[in-house]
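Step one of this worksheet: look at the structure below.
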Amino acid sequence: MATANPTTRASAAAAPAVVPAAAVRRTPARGRVLAWGGFAVALLIAPLLFHSSLEISMLSQIGIAIVACLSYNMLLGQGGMLSFGHAVYTGLATFVSIHALLGIASGAFPIPVSLIPLVGGLAGAFFAVLLGYVTTKKAGTPFAMITLGIGELVAAMVLMVPEFFGGEGGVSANRTVGKPFMGITFGPPIQVYYLIAIYTFLSTAAMYAFTRTPLGRMLNAVRDNPERVEFVGYDTHWVRFMAFTISGFFAGIAGGLGAINTEIVNGEVLHATRSGAYLLFTFLGGATVFFGPIIGAVLMVICGVLLSELTKAWLLYLGLIFLFMVMYAPGGFASLILMNLRVAAFGKLGRIWTSYLALAGTALAALTGAAAMIEMVYHRQLNEALGPELRFMGATLNSAGVDAWFGASWLLVVGVVLFEVARRHYLHQWGEIQEEIEKEIKRREAL
Amino acid sequence: MEFFTISMLNGLSYVLLLFMLSSGLTLIFSMMGVLNFAHASFYMVGAYIAYTISRYTGFWPGLVIAPIAVGVLGALFERYCLRRVHKFGHVAELLITFGLSFVIVELVMLIWGRTAVEFPPPESLRGPAFTLVNSSVEGLRLVWGAAPAPMCQAADATVRVVCSPFPATRGFMMLVALCMLVALWLLLTRTRIGLVIQSALTHPDMVEALGHNVPRVFMLVFGAGCALAGLAGVIGGSTFVTEPAMAATVGSVIFVVVVVGGMGSLAGAFVASLLIGVIQTFAVALDYSMLNVVKALHIDLSPAAADFSLFKLSISQVAPILPYLFLVLILIFRPKGLLGTREG
Amino acid sequence: MSSTGYALELRDVRKSFGKSEIIRGANLAVQAGERVAIIGPNGAGKSTLFNLISGRFAPTSGEIHLHGRRIDGRKPYEINRQGLSRSFQVSNLFTRLSVFENVRCAVLWSLGHRYAFWKFLADLDDANDRTEQILEMIKLDKRRDVLAMNLTYAEARALEIGITIAGGASCILLDEPTAGMSKSETQRFIQLIRDVTVGKTLLTVEHDMGVVFGLADKIAVLVYGEVIAFDTPEAVRANARVQEAYLGSVLAEQQAAAA
């Protein structure tokens, strides 16, 4: 990776007063080692902490989702390209990987199962090259529309080519094929998890490395000012196209891992709802920071598996949170975390945590009121046969009586009003703190 | 012959419905640069509100109240939500309307349930507007309303009589759409606010520089666009089916119409509606496939190749993806759209 | 195509937008190393001319030659790679990147790094050193980590020029570089421009006559899309056509203000 030539280094050593730019630019290595080490350790020991079969399955899904969301953010957060059709690349790669698994079983394609995700990656890159040149001609709304169109096109073709897509039932394969390597057959889910964990770590590292390369930086420049990029010598279209292909590669890896994990694939993996999920959760996690999509991926699996069990209205809650984030926190949870870390670094978090408490408390009250009413409505709709009573957060509510409705709506109204009060106070405090931080930064600069 | 006429008229009514929907979307898209992802959801809300109203007061009050209600909802959304994200750029605007479409579908399912609801057209619109009676003896005749039963039955085995009714609901759809078209045209060309809107369609910055309260105009246009969608919803919901999936079925098609027709161009939206509506209506009825083409060209295919599913696909099976194929082709070859005046 | 020896040559360049012809046969021949100021009344087409030369639009007809090679109708990045770079009247920066990153993006292509995704930016000593150099030249080395969108107006204009010259282009076009600046800032900027464009061919669009007469070897006067004069400042001052078309109105305004 290093392109420094020996003579420069030697002359730098001979004249220590002239510090080469390269040395100055390197950010503190210790923090980075800690972060990556922590990530690797977390991946390693997670199954020891969460060892039920449901939890292992969720961990596997989280690993896959991390790769998928990070690949999506290469387009959205790093390139400013809003895609409504990312599932096309993960989905098609899953189909290709399933067929590759069948190929291993039949002996036509003798590669180890552990390399299937790479097959998926190549498939993803292939389709990205095929469709990407025209997709990336424009950015912004035309790009979004063309990804939508291609997504609908490919999803609609599922029933038209049953040889490849397997029609309504999809295609299934067996992952315990080929020769076992050191006793690893990928039969037990824990073995699959560790395979996924390895690929997740390597893919994350690779995608992070990409952000520190010339192409990665020019991709950011294209996001910020596509016109100016052309005037400094770069072909904007080509930058987008290459990034699109690389994103497709990693999306394909996620697809391949998915094929191994579920051993079956059908048209649903190409559906617009899945593309929407990538968009929603990557944005929620935070598109402006590298690790934001990791948070989004974890949320995606948790919401999909656990939250959907808890309440029928989970999609509604999700949608409302999404709307709220777009309006008030477009950098997602990651940016919220970073902003507060910054405040903490300047020692001012102590002042504002009471505001956070007030915000959380009033929001909770409002949400409880709203949720109670929503749950009662759903109960009446779907569980009428069970009678009008339902359990909500430990209490019994009678959806037929007026009390529960009155109480819930009162809670909602009061919660909203108090939230607004708390929000204004918080904004005022936040503004003060930001000003103080700015002054402090200027003071330090002058030193 | 009568099949062609009735199909053509059915197709035309679908075209006009598409245009009702896409004209609102084009107005919003052209003026504000926002592609309102939730437009089809407002269509759905219009249908459901009219359904609820019709359960108490019958169909006709709903026809007036529902669009107004939807328009107000749209204006409120613009004022309190959309306006807030203008400063974050087009991506954020797309995201918020995308989120809204999501939330609206969930709210509709919450309030009205997940299955289709019975939203029938009013008494006066049930049955055919007119019937084409084609008799092998007496030729083609037009009968207003439903043709009486004896007319449709052959007198004896040698006479062939075919009765093709044209539903009154479809006719009403065309009528409302045409009235709306005319009203819109009059508004845009004859009133002052219409002039402002027209200029803002192609030069929004200039209009603001001239001192017009562009944010208020935006709110009005967004509300009006949503009201149009709501009106289309009342008609569409009563003619077709009112269910939570109705937003999705029509949603992607109108995006295609707007993008294919071109930004800043209502005429483009009309031409694109025509193109896509007619193609969809007729494609569903045609059974030709690639195999037919290949046979016509006298090319011999091996049995295995002839069995390949792609070749066996008839046009009717491919019909659903034709609009998207169009979209992709237009974005490749003519990103401005057919009659667009500016790009995204 | 014979080499004419001019760095930049415009031959009968015309540009119409719809029915209006903005540039009506502009002719210009700039020697290498010359500093040319382009002046003219508002609406004369100065920015359009820059847009045509730098490739933002293609001319309707006519030829533009850079170091003897035709560049009219080519894409902006192709022209930039041939050695021409331009700045914008409204600062056109990479808003969410730092000052350092902004300049580094502008040097990457000229150093041959192209679309590389297999090397780390931190290891590109040539790019990083050159970026440091540029930052020192434009006096923004203390603000290297500030995001471009958080700069003051003058800093943004300085960065704008920095991005323009970073790639080492031999022909620099500056579109109203001192627009909106105070007198003292303008003076500093003139010195900056002189320093960073040593040995290069420079074309600036300017309205401030003090800047023009101080900075330029030659002045080109653009009126209604035509170059009506191209000569040394003294000769242009004395040119009757120019006085009538442009300076005359300025003099008349000054007289009216004094009265």
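The values are calculated or read from the model by the stated rules, or taken from the named source; none is laboratory data. Because the structure is predicted, anything quoted here is derived from the model rather than measured. With ideal geometry, Cβ positions are generated from the backbone for all residues, glycine too; neighbour counts draw on all protein chains shown. To get the accessible areas, we keep the full protein, side chains included, count just its heavy atoms, and leave off ligands, DNA and RNA. Shrake-Rupley method; radii C 1.70, N 1.55, O 1.52, S 1.80 Å.
Things to note:
- The label point for residue B:181 and the one for residue B:57, both projected 7 Å from the Cα toward the Cβ, are 3.0 nm apart.
- A dipole drawn for the stretch A:33-323 from +1 and -1 charges on Cβ atoms has a positive end, and of A:101, A:120, A:237 the residue lying farthest that way is A:237.
- Inter-label distance, nm, simple model (7 Å from Cα along the C-beta direction), residue C:57/residue A:439: 5.1 nm
- The stretch A:203-217 and the stretch A:240-297: distance between their alpha carbon centers, rounded to Å: 17 Å
- Shielded by partner chains, the stretch A:312-326 residues - at least 40 Å² of accessible area, 1.4 Å probe, vs chain alone: A:315, A:316, A:322, A:323, A:326
- Peptide C:107-115 shows a mean partner chain C-beta count of 5 within 10 Å per residue C-beta.
- Size of charge dipole - the stretch C:130-187 - debye, nearest 20, with Cβ of Lys, Arg +1 and Asp, Glu -1, no other charges: 120 debye
- Principal axis extents of the C-alpha atoms in the stretch C:8-258 (largest first, rounded to whole Å): 59, 43, 33.
- Zero-based 20 Å bins, Cα pair distances in chain A, whole percents: 20, 49, 28, 3, 0
- Virtual spin-label span in nm between residue A:134 and residue A:181, 7 Å along Cα→Cβ: 3.9 nm
- Residue-span extension gain [residue B:141 to residue B:325] - 0.36 nm each, minus C-alpha spacing: 62.3 nm
- Size of electric dipole in the protein assembly as shown: Cβ of Lys, Arg +1 and of Asp, Glu -1, about Cα centre, debye, nearest 20: 1360 debye
- Here the calculated FRET efficiency for residue A:381 and residue A:106, from their Cβ-Cβ distance with R0 = 45 Å, stands at 0.35, rounded to the nearest 0.05.
- No disulfide-compatible partner, judged by a Cβ distance under 4.7 Å, exists for the following cysteines of the protein assembly as shown: A:69, A:303, B:81, B:179, B:226, C:105, C:171.
- Carbon/sulfur fraction of accessible area - the stretch C:8-258, other protein chains in place, 1.4 Å, %: 49 percent
- Where A meets B: accessible area buried, both sides, 1.4 Å probe, Å²: 3800 Å²
- Where only C-alpha atoms are counted, convex hull volume of the protein assembly as shown per residue in Å³: 261 Å³
- Residues of the stretch A:133-170 falling in the label zone of residue A:273, defined by backbone nitrogen less than 20 Å from a point 7 Å along Cα to beta-carbon, are A:148-160, A:166-170.
- Chain B - percent of accessible surface contributed by carbon and sulfur, probe 1.4 Å: 68 percent
- Residue-normalised accessible area of the stretch B:118-213, expressed per residue, 1.4 Å probe, Å²: 61 Å²
- The stretch C:87-105-the stretch A:360-428 distance, computed between alpha-carbon centres (Å): 50 Å
- Pair-distance profile P(r), taking every C-alpha pair of chain B, with 20 angstrom steps and integer %: 27, 52, 19, 2
- Long-range tail of P(r) for the stretch C:131-216 (Cα pairs > 20 Å, %): 30 percent
- In the stretch C:1-62, inverting the average of 1/r over every pair of distinct C-alpha atoms gives 12.5 Å as the Kirkwood radius.
- Here the accessible area is traced with a 1.4 Å probe on the protein chains. For the stretch A:346-446, carbon and sulfur cover 67 percent of it.
- Where the stretch C:62-168 is the region considered: accessible area per residue in Å², 1.4 Å probe: 38 Å²
- Computed over protein heavy atoms with a 1.4 Å probe, the accessible surface of the stretch A:33-323 works out to 35 Å² per residue.
- On association of chains A and C, roughly 3900 Å² of accessible area becomes buried (total for both chains; probe 1.4 Å).
- On the basis of the beta-carbon distance and an R0 of 30 Å, residue C:119 and residue A:44 show a calculated FRET efficiency of 0.50.
- Residues of the stretch C:120-156 buried by at least 40 Å² on assembly (accessible area, 1.4 Å probe, chain alone as reference): C:120, C:121, C:122, C:123, C:125
- Residue A:364-residue C:258 FRET efficiency (beta carbon distance; Förster radius 60 Å; 0.05 resolution): 0.25
- Taking every DSSP helix (H) stretch of at least 4 residues in chain B, weighting each as -39,500 (n - 2.57) and dividing the sum by the residue count yields a mean residue ellipticity at 222 nm of -21500 deg cm²/dmol.
- Each 5 Å bin from 0 upward holds the following percent of the Cα-Cα pairs of the stretch B:148-240: 3, 10, 15, 14, 11, 9, 8, 7, 5, 4, 4, 4, 3, 2, 1, 0.
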